[in-house]
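Engineer: Before anything else, here's the structure in question.
The values are calculated or read from the model by the stated rules, or taken from the named source; none is laboratory data. The model shown is predicted, which means the values in this text are computed figures rather than measured ones. Neighbour counts run over all protein chains shown; Cβ positions are idealised from the backbone, glycine included.
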Amino acid sequence: MLSIHGASRPYCDGVSRRDFLKIGGLAMGGLSMADIFRAEAQAGITKSKKAVIMVFLSGGPPHIDMVDMKPHAPSEIRGEFSPISTNLPGVQICELMPRTAQMMDKFALIRSVVGSEGRHAAFQCMTGWPVNNQPQGGWPSLGSATSKLLGPVHPQVPAFVGLSPPMKNATWGDPGQPGFLGQAYAPFKPAAEGRADMVLNGGITHTRLDDRKQLLAGFDRFRREVDATGAMEGMDAATQQAFGVLTSSRLADALDLTKESKEVRDRYGHGSPEPAGYGDAGPLLNDYFLTARRLVEAGVRCVTLAYGRWDWHGLPYGTNFEHAREHLPMLDQGMTALVEDLHQRGMADDVSVVIWGEFGRSPRITKEVGRDHWPQVSFAMLAGGGMKTGQVIGSTNRLGEHAVDRPVHFQEVFSTLYNRLGIDTNSATLTDLAGRPQYLVDHRQAIREVL
């Protein structure tokens, strides 16, 4: 129980003022916010700053050409690249990823991700669930569930931000949907329509905005009394977020990369805002990695971003290896800069990073010099979050066709991310539109090797 210590003059029923001020409901007896914060500090209650950054490699990255190379396999399997040693004894990755190789001790590499439904979409990477057999309203994404369960770190900063840019292939640009939780828990999207929500229209001062806020609050109190659906709760959350964004510079400052030094920006790399590959997916824009770090530093709990276009079937649109020569060095620079930055800033224990795609690619190179979709196995890279890094989890057979040792399911990755956020997937539930509690994942537990 959290108590506010103050005057203890008794009321007529014998209950002291001090007892009345115990926090158990919404009635605070006119206390200031400062009183509440002081009481929280005395009780040892603090706002968690745990966060997740999810990097979605849209299209299905080629595991064999990146982190699970098979140099002794036939040429139609092993491809054009050579492996290089990392700073972990006996562990090798692609020659196009030298920065990652030099700091592999900061990553946990999973070579045996299974459970992909084989769909060209971000949905499974954002929710942990397949598209089929969803509850009414749909499964909420990691960011939405986290926003609902933990709330914002700061009232002026959205708990969930999606950096994925608009794409012709909308299923790749999906930053994660709120599902049955409703739009109050949808991601704020500064790369799309969200930027328009960060500016006051001409003639609207902060004073007038505050007056409008008070008027809306009055209406909301009345409507809440007659609302039996719970919809008002979601509307209140969305309204509070909107006012927070408008009346604070915290989010706008986080999105302003000019506040970073040239040295930092050059370490991350820059890239181009133009769509990569065939033109129907995201760009290789390394500013996203830096923006993600700035957002979690400002208090965002979950940042999702789509990076590049990894669906490389081959000619006439460029071979698998031509695209890899463009994509891999950029990814290598951006993701290592992010992880290095988190460590240097003392954020590595609080911020978890996951890099993955919806599936792997076929071990056998096609006649068009591409690799096709391969749901049988893929990879993921984990970093930060206080996890035990510097290890490789799982393995595939000699041709990279399927997992032979320690298969890791998509839902195990999600259990791990929730665990690092401080959410217990064995007990935490979300109420769906039918009023039924839904667990965040199925029965699968967090990856024991990294805890």
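Engineer: Name every residue in segment 73-82 that is out of contact with any Leu (no Cβ under 9 Å at 6 or more places or on another chain) and surrounded by fewer than 18 Cβ atoms within 10 Å (Cβ to Cβ), in order of residue number.
Structural biologist: If the condition is that a residue be out of contact with any Leu (no Cβ under 9 Å at 6 or more places or on another chain) and surrounded by fewer than 18 Cβ atoms within 10 Å (Cβ to Cβ), then SER75, GLU76, GLU80, SER82 are the ones that fit.
Engineer: Residues to consider are SER352, SER362; find the one that is among the hydroxyl-bearing types (Ser, Thr, Tyr) and surrounded by 24 or more Cβ atoms within 10 Å (Cβ to Cβ).
Structural biologist: SER352
Engineer: Let me ask something else. Quick check: anything in segment 132-150 hydroxyl-bearing (Ser, Thr, Tyr) and farther than 17 Å from ALA186 by Cα?
Structural biologist: Checked segment 132-150: no residue is hydroxyl-bearing (Ser, Thr, Tyr) and farther than 17 Å from ALA186 by Cα.
Engineer: Separate question: Answer yes or no: is there a residue in segment 412-422 that is in contact (Cβ under 8 Å) with a residue 12 or more places away in the chain and over 20 Å from the mean Cα position of the chain (by Cα).
Structural biologist: Checking segment 412-422: not a single residue is in contact (Cβ under 8 Å) with a residue 12 or more places away in the chain and over 20 Å from the mean Cα position of the chain (by Cα).
Residues checked against (1) touching a Ser or Thr at 6+ places or on another chain (Cβ under 7 Å); (2) modelled with pLDDT of 95 or more; (3) among the acidic types (Asp, Glu):
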site: LYS262; (1), (2), (3): no, yes, no
site: ARG265; (1), (2), (3): no, yes, no
site: GLY271; (1), (2), (3): no, no, no
site: GLY282; (1), (2), (3): yes, no, no
site: PHE289; (1), (2), (3): no, yes, no
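Engineer: Right, next: Please list, ordered by residue number, the strands (runs of 3 or more DSSP E) wholly in segment 48-108 having 1 or more residues that are closer than 30 Å to PRO155 by Cβ and in contact with an Asp or Glu (Cβ under 8 Å, 6 or more places away or on another chain).
Structural biologist: In segment 48-108, 51-56 are the strands (runs of 3 or more DSSP E) which contain 1 or more residues that are closer than 30 Å to PRO155 by Cβ and in contact with an Asp or Glu (Cβ under 8 Å, 6 or more places away or on another chain).
Yes/no matrix, rows are residues, columns are (1) surrounded by fewer than 19 Cβ atoms within 10 Å (Cβ to Cβ); (2) hydrophobic (A, V, I, L, M, F, W, C); (3) modelled with pLDDT of 95 or more:
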site: SER415; (1), (2), (3): no, no, yes
site: ARG420; (1), (2), (3): no, no, yes
site: THR431; (1), (2), (3): yes, no, yes
site: ILE447; (1), (2), (3): no, yes, yes
site: LEU451; (1), (2), (3): yes, yes, yes
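Engineer: Considering each of THR425, THR431, THR366, THR416 in turn, give the residue that is in contact with a Pro (Cβ under 9 Å, 6 or more places away or on another chain) and either closer than 30 Å to HIS72 by Cα or of a type outside the set (D, E, K, R) (or both).
Structural biologist: Exactly one residue qualifies, and that residue is THR431.
Engineer: Would a scan of segment 325-347 turn up a residue that is surrounded by fewer than 21 Cβ atoms within 10 Å (Cβ to Cβ), among the aliphatic types (A, V, I, L, M) and assigned by TED's automatic domain parsing to the domain that holds ARG111?
Structural biologist: Yes, segment 325-347 has at least one match.
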